[in-house]
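The values are calculated or read from the model by the stated rules, or taken from the named source; none is laboratory data. The structure presented is a predicted model; accordingly, all values stated were derived computationally and were not measured. Note that we place each Cβ from the backbone using ideal geometry, even for glycine, and neighbour counts take in every protein chain shown.
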Amino acid sequence: MYNIEATVKMKEVMKNYFSGMGNGEKKIAWCTSVGPAELLRSFGFEVYFPENHGALIGATRGSVDFIPVAQMSGFSNQVCSYTTSDIGSFLKKETPLTKHYGLENVPRPDLIVYNTNQCREVQDWFTYYSDFYKCPIAGIHPPRHIYEVTKDEIDLVVKQFKSIIPLCEDASGNKFNLDKFKEVLKLSKDATLLWQKVLRTAKASPAPIGFFNGIIQMGPIVVLRGTQEAKDYYELLLKELEQNVASKIGVLKEEKIRLFWDGMPIWGNIRHMSDFFIQNNTIIAASTYCNSWIFDDFDEENPFESSALAYTKIFINRSEKAKIEFLKHWAEEFRIDGILFHDAKTCFNNSNSRFGMPLIMKNILNIPVMVIEGDLNDMRFYSEGQNISKMETFLEQIETRKMYS
Ligand code: SF4
């Protein structure tokens, strides 16, 4: 069985990140997964990401217990299931962080910061906690769903970035230090460019990393952006994957089909899905999700402008037209035979199949596409039997096409 050896180190890095978090040694800032983590780190905060907690709950199948608790307190079953998993866990006073990292609770925030570049849900989710903890909160609200990101938009977002500095100073007790911000941003840029190279190793056949390895390997780039630890980890991982490419060692021994995954992972079904695709000699060679943490516009010489640009131009914040261009580029770059669109019931923000995109991509690329109905955490919206038979038919269709092309 294929094994990425660096994973042992990644587990250690993640354990170190969580261990002692919230013990009072460092002030804690909560941040959205594509929020201004570098700016927060430059003030000396340890940065905690509730979405990472949501994903951990999903992957460890805790959502089944926690989502109903959030629903009983008034949240609809249509609301982002990261939010309802996280809030249910909070209300139930249980967290997988205890078993996995020895934390009794999620760390109490000294400051809460969000960016609605991904969705408005984070604003409501984070405000819930700000009200409970009586904790200061600040939001960045960039223009949404844009085709091109212009200077006007960047100027607006730069203003918003700068407006949270006084709150950060109050909550951290430290003055803003431009050199420190540049230093953190440089570390973040280095790590994100390494992550990009890691993902690009999957251009090779057999690919040494696929979607299901990628969503595990992305832990440090989500929670440790701006640290030496993240940079060091991706250097190690890249080295191993490049060696595997050179030795022609990949996730699959025989790689017959290469797919693209659009949208959120189905966290509660990762193992089954991964096994299914391995058994069918299929690699999911690229995804919008793993690519979401590539911020190649970071420039430490222009830290505010480049942060505003990088965090505003992310895939999820773009128009349908811009997203189509991204997908076309990735499908060609990774020699994709078909695209899977995950229509996540509780995250329309990251479900791109609802305005005709599958058919558009099918016509542009002349490859099969398929929509999986499911959800990131709420497995009541995912029918395994139905989706597996749809996927079997989809893979057969691709194989037949490849045979005759
Ligand atoms: S993007 Fe989707 S999954 Fe992520 S926080 Fe927003 S609604 Fe939830």
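Of these, K256, K248, which one is in contact (Cβ under 8 Å) with a residue 60 or more places away in the chain, closer than 18 Å to S205 by Cβ and surrounded by fewer than 18 Cβ atoms within 10 Å (Cβ to Cβ)?
Exactly one residue qualifies, and that residue is K256.
I'd like the full set of residues that are more than 16 Å from the ligand (Cβ to nearest atom) and either out of contact with any strand residue (DSSP E or B) (no Cβ under 7 Å at 6 or more places or on another chain) or closer than 21 Å to T346 by Cβ (or both), limited to region 107-141.
Those that are more than 16 Å from the ligand (Cβ to nearest atom) and either out of contact with any strand residue (DSSP E or B) (no Cβ under 7 Å at 6 or more places or on another chain) or closer than 21 Å to T346 by Cβ (or both): D131, F132, Y133, K134.
For region 182-202, state whether one or more residues are more than 26 Å from R335 (Cα to Cα), surrounded by fewer than 20 Cβ atoms within 10 Å (Cβ to Cβ) and in contact with a Pro (Cβ under 8 Å, 6 or more places away or on another chain).
Within region 182-202, the first condition is being more than 26 Å from R335 (Cα to Cα), and the residues that meet it are 182-190.
Then drop every residue that is not surrounded by fewer than 20 Cβ atoms within 10 Å (Cβ to Cβ), which leaves 182-183, 186, 190.
Filter once more, keeping what is in contact with a Pro (Cβ under 8 Å, 6 or more places away or on another chain): 182.
So far as region 182-202 goes, yes, one or more of its residues are more than 26 Å from R335 (Cα to Cα), surrounded by fewer than 20 Cβ atoms within 10 Å (Cβ to Cβ) and in contact with a Pro (Cβ under 8 Å, 6 or more places away or on another chain).
Here is a check on your reading of the model: is I278 more than 16 Å from the ligand (Cβ to nearest atom), buried (at least 17 other Cβ atoms within 10 Å of the Cβ) and either without any contact (Cβ under 8 Å) to a residue 40 or more places away in the chain or among the acidic types (D, E) (or both)?
yes
Which one is surrounded by the fewest Cβ atoms within 10 Å (Cβ to Cβ) among residues in region 346-356 that are within 13 Å of the ligand (Cβ to nearest atom) and over 14 Å from A322 (Cβ atoms)?
Top of the filtered list is F348.
Counting only residues that are under 30 Å from L252 (Cα atoms), give me the helices (runs of 4 or more DSSP H) lying completely in region 280-340 with at least 3 of them.
Fully inside region 280-340 and qualifying: 288-291, 320-333.
Scan region 357-381 for residues that are crowded, with 20+ Cβ neighbours inside 10 Å, under 30 Å from I67 (Cβ atoms) and not β-branched (V, I, T) and report the count.
The qualifying residues number 9.
Inside region 346-405, can you point out the residues that are among the aromatic types (F, W, Y) and either more than 23 Å from H272 (Cα to Cα) or assigned to a helix (DSSP H, G or I) (or both)?
Step one: list which residues in region 346-405 are among the aromatic types (F, W, Y), which gives 348, 355, 381-382, 394, 404.
Within region 346-405, F348, F355, F381, F394, Y404 qualify.
Determine if region 42-55 includes at least one residue that is touching a Leu at 6+ places or on another chain (Cβ under 6 Å) and either at pLDDT 95 or above or crowded, with 21+ Cβ neighbours inside 10 Å (or both).
Yes, the conditions are met somewhere in region 42-55.
Tell me, yes or no, whether region 72-94 has at least one residue that is more than 16 Å from the ligand (Cβ to nearest atom) and farther than 24 Å from Q123 by Cβ.
Taking region 72-94 first, the residues more than 16 Å from the ligand (Cβ to nearest atom) are 72-74, 91-94.
Next, only the ones that are farther than 24 Å from Q123 by Cβ stay: 93-94.
Checked against the condition, which is being more than 16 Å from the ligand (Cβ to nearest atom) and farther than 24 Å from Q123 by Cβ, region 72-94 yields at least one hit.
Taking the residues in region 25-41 that are surrounded by fewer than 24 Cβ atoms within 10 Å (Cβ to Cβ) and among the charged types (D, E, K, R) as candidates, determine which candidate is farthest from D86 (Cα to Cα).
Here the answer is E25.
Based on this model, can you work out whether D297 counts as more than 16 Å from the ligand (Cβ to nearest atom) and either at pLDDT 95 or above or at positive phi (or both)?
Working: more than 16 Å from the ligand (Cβ to nearest atom): yes; either at pLDDT 95 or above or at positive phi (or both): yes.
Considered against the rule, which asks whether it is more than 16 Å from the ligand (Cβ to nearest atom) and either at pLDDT 95 or above or at positive phi (or both), D297 comes out as yes.
(1) under 16 Å from D170 (Cβ atoms); (2) crowded, with 18+ Cβ neighbours inside 10 Å; (3) of a type outside the set (D, E, K, R); (4) out of contact with any Ser or Thr (no Cβ under 9 Å at 6 or more places or on another chain): which one isn't true of Y133, the others all being true?
Unmet for Y133, out of (1) under 16 Å from D170 (Cβ atoms); (2) crowded, with 18+ Cβ neighbours inside 10 Å; (3) of a type outside the set (D, E, K, R); (4) out of contact with any Ser or Thr (no Cβ under 9 Å at 6 or more places or on another chain): (2).
Pick from region 300-319 the residues that are among the small types (G, A, S) and closer than 21 Å to A191 by Cβ: which of them is farthest from the ligand (Cβ to nearest atom)?
By that ranking, first place goes to S306.
Kindly establish whether T84 is under 29 Å from E12 (Cβ atoms), surrounded by 20 or more Cβ atoms within 10 Å (Cβ to Cβ) and not acidic (D, E). Break it down into steps so the answer makes sense when it comes.
Details: under 29 Å from E12 (Cβ atoms): no; surrounded by 20 or more Cβ atoms within 10 Å (Cβ to Cβ): yes; not acidic (D, E): yes.
For T84, the condition - under 29 Å from E12 (Cβ atoms), surrounded by 20 or more Cβ atoms within 10 Å (Cβ to Cβ) and not acidic (D, E) - is not met.
For E255, which of the numbered conditions (1) assigned to a loop (DSSP other than H, G, I, E, B); (2) within 16 Å of the ligand (Cβ to nearest atom) fails to hold?
In the conditions (1) assigned to a loop (DSSP other than H, G, I, E, B); (2) within 16 Å of the ligand (Cβ to nearest atom), E255 misses (2) alone.
Is there any pair with a first residue in region 169-196 that is without any contact (Cβ under 8 Å) to a residue 40 or more places away in the chain and a second that is surrounded by fewer than 17 Cβ atoms within 10 Å (Cβ to Cβ) and of a type in the set (D, E, K, R) whose Cβ atoms are under 8 Å apart and which are 6 or more apart or on different chains, and what are they?
Close Cβ pairs satisfying both conditions: K175/E169.
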